[in-house]
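Novice: Can you keep this structure in mind? I'll have questions shortly.
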Amino acid sequence: MDTWILRLFLFLICGASGYFLTKGFSPRMGLWGLFGGLFLSALTLLMEDRLKKVSLKNLLGSLIGLILGIILANLISNAFFPFLFGEQQTALPLFGLLYGVCGYIGLRIGLKKGGEFHLSRGPQDWKSMGKGSPRDGIAKILDTSVIIDGRIADIAETGFLEGPLLIPQFILSELQHIADSHDPIKRTRGKRGLEILHHIQKQIDVDVRIVDTDYPSVKEVDAKLIELAKEVQGKIITNDSNLNKVAGLQGIEVLNINALANSVKPVVLPGEEINAKIVKEGKEMGQGVAYLDDGTMIVVDNGRRQIGKSIDVVVTSVLQTPAGRMIFARLKEEASRENRGKDNYYPLDSEF
């Protein structure tokens, strides 16, 4: 509501100013001045909407570039065209062209280079934060998918991750957008991601830093993550396979949570005994299904009648599938009976 009042006040001020500035010439000119003031107000509001999408760093860069462009134009005019100051008919168009070109070039260069400014720390701080000392470690940048996944909080709590965890502002904006979605599933995922971040920030031994750096010229969030990783010389933590491939092609080191999970799964060999709780029946007749602590599925032959019980089983084979590992096992008592049967078996041609 306050915004609309300010905009209405802007229209009134500009319209009244245009009217009173031109009505002295004629009443008709006063009307043209009124319309001109209203047009200027509309143009100002249009510029406001565009400027809201530009980061503060780019605005500062544009302002500095514009000032430097005007200073350069002033130096050129004083050095090369001092004889034109008395001839307004020739000087005004030439100086207008000179100041316009230099100001525009300075504005554009400042806008482009403004993204290299760091308001919260200097370039040397960024460089040292990315590379890190042997004690601090290299900075790790969190992706949206790995935040929503949630396992990063447990990994950080164990102390295996060294160096600061960087959370870009554009990742927070994406999480907020997901949390505000009309889709209940997306909304739940977004809220979970925000809760995970809050949990990580409360961990005493974890250095979490919110990064304001943005790249307005880059539209995709994954591309922004890669640009930030290049700038701070850090690593990206994700479980997105596509981001993993794209970042790898550009020389950015990626830590994949799924790869880590697969590498730390316990090794199970055929013949090994496991204690497992049968939780449901399998697809085939008489099969029971159990799970290891890491979620690996165990298919137990003749385990259906043991549903709800924790029993000892013997691994018969391990199968690696695209979805993960599957372990096939049989009941320990059945394996023991089979082994006893083999021990009591004697060939017919044996000598006594």
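Novice: Looking at the stretch 193-248, which GluC sites (Glu not before Pro) are DSSP coil and have at most 12 other C-beta atoms within 10 Å of their C-beta?
Specialist: Values: sites: GLU195, GLU220, GLU227, GLU231; in loops: GLU220.
Of the GluC sites (Glu not before Pro), the ones in loops of the stretch 193-248 whose Cβ has at most 12 other Cβ atoms within 10 Å are GLU220.
Novice: Once phi is turned into θ = phi - 60°, what whole-Hz ³J(HN,Hα) does the Karplus curve with 6.51, -1.76 and 1.60 give for every residue of the stretch 258-266, x standing for Gly and Pro?
Specialist: 5, 5, 5, 4, 5, 6, 9, 5, x
Novice: Need the C-alpha centroid separation for the stretch 203-229 versus the stretch 279-338, integer Å.
Specialist: Cα centres, the stretch 203-229 to the stretch 279-338: 44 Å.
Novice: About the Cα centre of the stretch 123-263, how large is the charge dipole given +1 on each Lys and Arg Cβ and -1 on each Asp and Glu Cβ? Please answer in debye to the nearest 20.
Specialist: Numbers: 17 positive and 21 negative charges, 24 e Å.
Rounded to the nearest 20 debye, it is 120 debye.
Novice: Just flag the trypsin sites (Lys or Arg not before Pro) in the stretch 199-261 sitting in loop per DSSP whose Cβ has no more than 11 other Cβ atoms within 10 Å.
Specialist: Details: sites: LYS202, ARG209, LYS219, LYS224, LYS230, LYS235, LYS245; in loops: LYS219.
Here the sparse-neighbourhood loop sites are LYS219.
Novice: With labels modelled as points extended 7 Å from the Cα through the Cβ direction, what inter-label distance (nm, one decimal) is found for HIS182 paired with ILE138?
Specialist: Placing both labels 7 Å beyond Cα along the Cβ direction yields 4.4 nm.
Novice: State the answer as a single residue: which of LEU161, GLN233, THR188 lies farthest towards the positive end of the charge dipole of the stretch 123-263, with beta carbon charges of +1 for Lys and Arg and -1 for Asp and Glu, about the Cα centre.
Specialist: Farthest along the dipole direction, towards plus: THR188.
Novice: Hey, another quick one. Considering amide H positions built from the backbone, and no H for Pro or chain starts, which residues 5 or more places from ASP143, or on another chain, come under 5 Å of its amide H?
Specialist: Placed amide hydrogens put ILE237 under 5 Å from ASP143.
Novice: Expressed in nm to one decimal, what extension gain is obtained for the pair LEU45 and VAL221 from 0.36 nm per residue of sequence separation less their Cα-Cα distance? Please report the intermediate quantities before stating the final value.
Specialist: Numbers: separation 176, 0.36 × 176 = 63.36 nm, distance 2.85 nm.
Length gained between LEU45 and VAL221: 60.5 nm.
Read-outs: derived from the displayed coordinates by stated rules, not from any lab. Please read all numbers here as calculations on a predicted model, not as lab measurements. Note that we place each Cβ from the backbone using ideal geometry, even for glycine, and neighbour counts take in every protein chain shown.
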